[in-house]
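S.K.: My questions all concern the structure below.
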Amino acid sequence: MREIVWLMSLIGLSWQIACKAPQPVAPPVAPREPLAEACPPAIDPMLAVNTLKPAPPGFLDCRLATPEYAIPPYAKFLAGVRICLDPGHGGDAHKRGYKRGPTGVREAEVDLRVAQYLRELLLRAGAEVRLTREGDCDVGLSERAAIANEWPADLFISLHHNANDDPQVNCTTVWYHAGVDHRPASLDLARYLCFSLQDGLAHPQIADVPLRSDQLMYDIGFAVLRETNMPGALTESSYHTNPAEEQRLRDPEYNLREAWALFLGLAKYAATGLPRARLLEPANGILLLPPASNTDLGEETAPPQIVFELDDGLRSRRDRGWERQMILTDSILVRLDGHPVPHTFSNEGYRLCVELPCDLPPGEHEIRVDFQNMNKNSVLNPLFRLVVVSAPGD
Ligand SMILES: [Zn+2]
């Protein structure tokens, strides 16, 4: 009897199961994940460091020994020129995606490697070089300018690579500070660097006017160019946001190609002469005026004069015709506190005599001396400080 009841229950249960509405089919069970410790955590490329292809051992020495990188004879004019190289950014890998290409190549790393390769080239030509940062570290913008000012450098170059929302964009732009009249030698530097980069990198695109004022970006311009006291330029050699360019930029061979282009630009700039001015009288920058009592008595007093020695950056080479004038006479302009003042220039000794007003008030004044050599290179150091002191009366 008990077996019959058990059999009936089993039949009823089977019937219930058979008559139920079809149940949703359970999804297949995913294969079990491997244990966490067996799988290294995925690296986020937008936080990665060392995003460049490492250079093989001895890469630079090896490549610079080839005819492709034979230093041209005109690079000898770089000897003794002080050049401060400023690799942009650094110490910023923790900022996710900051200044990176589409696959995570960091601009800061490209900037540094190009600067290091350029330094090596410049040193081989006899230039003096300092970098504002040697490693992947954050250096403030004012600190970078101070490194160049305190040295002091003759030229300042900030090395960067650009970014754009449009991944197709890829060309060279080089930036100078403020207006075209602010420091014309910065335009010379920017121009030599820009056209050499365009030749060396040979991007299919160009910016129609690739020299640009930093005031197009910020009203007060770029801090590193604004705060440096010497001719300066900021290079944006190419766009790391362009996918093909990003892959080129991680390659040491391409970094060297860029450094080589910058080097040739600097060598040509130096070869065409780096003009300078030197205050001869008063050599200490302090101008002593005659006692006021002399003028009160109606005595004829000659206007105060100061004398500069101009250097066109060429005649000291003593090449044929060196004794001829190689400064464009009409390019000479002297300003006292922003106002033009009369001057005479003599090819004899390259002396520039500047006549100052008789009623020049005591205190500090700014004298600016602008001129260009025969290759249209402008004076590197046009600004001078003059302190005027009245001699005590009788
Ligand atoms: Zn940059």
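S.K.: For a quick check of your reading of the model, give me the residue pairs whose first member lies in the stretch 109-136 and is under 25 Å from Asn50 (Cβ atoms), whose second is among the hydroxyl-bearing types (Ser, Thr, Tyr) and crowded, with 19+ Cβ neighbours inside 10 Å, with beta-carbon atoms closer than 8 Å and at least 6 apart or on different chains.
M.R.: As it stands, the answer is Glu109/Thr51; Val114/Ser237, since those pairs meet every condition given.
S.K.: Right, another one. How do the strands (runs of 3 or more DSSP E) wholly within the stretch 95-208 filter down when requiring 3 or more residues that are within 13 Å of the chain's Cα centre (by Cα) and closer than 16 Å to Tyr239 by Cα: which remain?
M.R.: 155-162, 173-176
S.K.: Considering only the stretch 117-149, state which residues are more than 17 Å from Gly80 (Cα to Cα), among the charged types (D, E, K, R) and surrounded by fewer than 22 Cβ atoms within 10 Å (Cβ to Cβ).
M.R.: Selection gives Glu134, Asp136, Asp138, Glu143.
S.K.: Is the stretch 231-242 home to any residue that is touching a residue at least 12 places away in the same chain (Cβ under 8 Å) and open to solvent by 80 Å² or more (accessible area, probe 1.4 Å)?
M.R.: Looking for residues that are touching a residue at least 12 places away in the same chain (Cβ under 8 Å) and open to solvent by 80 Å² or more (accessible area, probe 1.4 Å), one finds none in the stretch 231-242, hence no.
S.K.: I've got another one for you. Residues being within 16 Å of the ligand (Cβ to nearest atom) and under 19 Å from Asp86 (Cα atoms): count how many of those fall in the stretch 153-166.
M.R.: Number satisfying all stated conditions: 8.
S.K.: Limited to the stretch 213-235, what total is found for residues that are over 15 Å from Ala153 (Cβ atoms), in contact with a helix residue (DSSP H, G or I) (Cβ under 7 Å, 6 or more places away or on another chain), assigned to a helix (DSSP H, G or I) and not charged (D, E, K, R)?
M.R.: Qualifying residue count for the region: 1.
S.K.: Any idea how many residues of the stretch 167-199 are open to solvent by 10 Å² or more (accessible area, probe 1.4 Å), more than 16 Å from the ligand (Cβ to nearest atom) and touching a residue at least 60 places away in the same chain (Cβ under 8 Å)?
M.R.: Summing the residues that are open to solvent by 10 Å² or more (accessible area, probe 1.4 Å), more than 16 Å from the ligand (Cβ to nearest atom) and touching a residue at least 60 places away in the same chain (Cβ under 8 Å) in the stretch 167-199 gives 9.
S.K.: Still on this structure, please answer the following. Looking at the structure I just gave you, is Leu225 in contact with a His (Cβ under 8 Å, 6 or more places away or on another chain) and either under 30 Å from Glu150 (Cβ atoms) or within 16 Å of the ligand (Cβ to nearest atom) (or both)?
M.R.: So Leu225 passes the test.
S.K.: State yes or no: is Val81 aliphatic (A, V, I, L, M), modelled with pLDDT of 95 or more, within 16 Å of the ligand (Cβ to nearest atom) and surrounded by 10 or more Cβ atoms within 10 Å (Cβ to Cβ)?
M.R.: Judged against the criteria, Val81 is not a match.
The values are calculated or read from the model by the stated rules, or taken from the named source; none is laboratory data. Quick caveat, the model's predicted, so the values are computed rather than measured. Using ideal geometry, Cβ is built from the backbone for each residue, glycine included, and neighbour counts are taken over all protein chains shown. We work out accessible area using only protein heavy atoms, side chains counted, and drop any ligands, DNA or RNA first. Shrake-Rupley method; radii C 1.70, N 1.55, O 1.52, S 1.80 Å.
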